[in-house]
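Presented below is the structure to which this report refers.
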Amino acid sequence: MTSSPAEPSRPASAGMLRLHARPLRQLALMAELAQGPAPELEARAPAVSGWSVAEHLEHMVLADRAALKGVHRILEDPQRPAAPDINLLGRVILGTGFMPRGRARTTGAFLPAAMPPATLCAAILELDRELREMAPRLGELERSGGRSRHLFFGGLGGRQWLRFLAVHQHHHLKIVNDVRRARGLAAIGLPSR
């Protein structure tokens with residue numbers, strides 16, 4: 001949806017700009033990891049996680065794609081029939097920015113399926129491009145009352161979808177960091193919250 005001449009577009013708040021920047025920083029780290037040598041991508045530490053580094057990256061790509069679809073649904077139709085409001089679980093996770101490990105199980109659509117490294121890198125770069133292209137519409141997204149349904153958290157608004165992106169990526173990057181440490185690899189520099 002574009003703004004009409006009678007309704008000039010207002011810029012996004014500083015908080016919304018910071019929220020948008022965080023997943024971009026984390027995508028840069030994901031891209032760096034995805035370009036690493038095969039032994040680092042294949043690294044596993046069963047005591048930490050059943051997934052390899054590459055599998056965590058692939059899962060993040062799949063979840064990020066779904067989150068950005070949620071954002072685009074809101075931007076395409078800000079007056080769309082409201083999804084149910086965010087539920088208690090969503091409020092706690094997004095409010096604290098903390099996802100406990102080993103509690104939730106992902107659904108089949110978000111399970112890694114051995115994406116080749118070149119495809120993984122290209123997918124991460126595409127997510128980065130898509131998120132950057134969204135920047136001019138952040139003000140619109142911030143003011144929208146639209147909601148789009150999240151599988152576990154209920155109806156999320158645009159700002160909540162961006163928060164989910166940031167929190168979910170950070171959760172998996174912390175696991176990747178622990179897998180790497182357990183395998184004797186250098187820790188990654190996680191972007192600050």
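The values are calculated or read from the model by the stated rules, or taken from the named source; none is laboratory data. Note that this is a predicted model, so its numbers are computed, not measured. Glycine gets a Cβ as well: all are built from the backbone with ideal geometry, and neighbour counts include every protein chain shown. Side chains included, ligands, DNA and RNA excluded: accessible areas come from the protein's heavy atoms. Shrake-Rupley method; radii C 1.70, N 1.55, O 1.52, S 1.80 Å.
Computed with every protein chain present, the accessible area of Arg101 is close to 100 Å² [probe 1.4 Å].
Compared with the alpha-carbon gap, the fully stretched path from Arg25 to Arg91 is longer by 21.4 nm at 0.36 nm per residue.
The label point for Asp77 and the one for Asp178, both projected 7 Å from the Cα toward the Cβ, are 4.0 nm apart.
Can you give me the Rg/Rh ratio for segment 21-125, using Cα atoms for both radii and the Kirkwood formula for Rh?
Numbers: Rg = 15.8 Å, Rh = 15.7 Å.
Rg/Rh for segment 21-125 comes to 1.00.
Hey, if we sort Ile188, Ile74 by accessible area with the 1.4 Å probe, largest down, what's the order?
On the way: Ile188 20, Ile74 0 Å².
The residues order as Ile188, Ile74, largest area first.
Fraction of C-alpha pairs exceeding 27 angstrom in the chain: 29 percent, rounded to a whole number.
Put simply, the amide H of Gly154, placed in the peptide plane, has neighbours under 5 Å in Asn87, leaving out anything fewer than 5 places away on its chain.
Add -39500 (n - 2.57) for each DSSP H run of 4 or more in the chain, then divide by its residues: what number comes out at 222 nm, to the nearest 500 deg cm²/dmol? Provide the component values of the computation, followed by the final result.
Values: 7 runs with 106 residues, N = 193.
Dividing the helical sum by the residues of the chain leaves -18000 deg cm²/dmol.
Length gained on full extension, Ala118 to Leu17: 33.3 nm, using 0.36 nm per residue less the C-alpha separation.
Within the accessible area of the chain, the carbon and sulfur atoms contribute 57%, probe 1.4 Å, all protein chains present.
Select from Glu142, Glu42, Glu58 the residue whose mean-square fluctuation is largest in a Gaussian network model of the chain (Cα-Cα springs shorter than 10 Å). Greatest mean-square fluctuation among the candidates belongs to Glu42.
Taking the chain as a Gaussian network, Cα atoms linked when under 10 Å apart, which of Leu120, Leu88, Leu33 shows the biggest mean-square fluctuation? Among Leu120, Leu88, Leu33, the largest GNM mean-square fluctuation belongs to Leu88. If only the Cβ of Lys and Arg carry +1 and only the Cβ of Asp and Glu carry -1, the dipole of the chain around its Cα centre is close to 640 debye. Amide H to amide H distances under 5 Å link Ala12 with Gly139, where only residues 5 or more positions off or on other chains count and H is placed in the peptide plane. Estimated at the nearest 10 Å², the accessible area of Met115 is 40 Å² with a 1.4 Å probe.
Over the chain, with the other protein chains present, what is the accessible area per residue in square angstrom, probe 1.4 angstrom? Mind dumping the intermediate values first?
Working: 9870 Å² over 193 residues.
On a per-residue basis, 51 Å².
How long are the semi-axes of the ellipsoid equivalent to segment 84-193, from square roots of 5 times the Cα gyration tensor eigenvalues, in whole Å, largest first?
Working: eigenvalues 135, 72, 44 Å².
Square roots of five times the eigenvalues give 26, 19, 15 Å.
With the biggest extent put first, the Cα atoms of segment 94-140 measure 37, 35, 15 Å across the principal axes.
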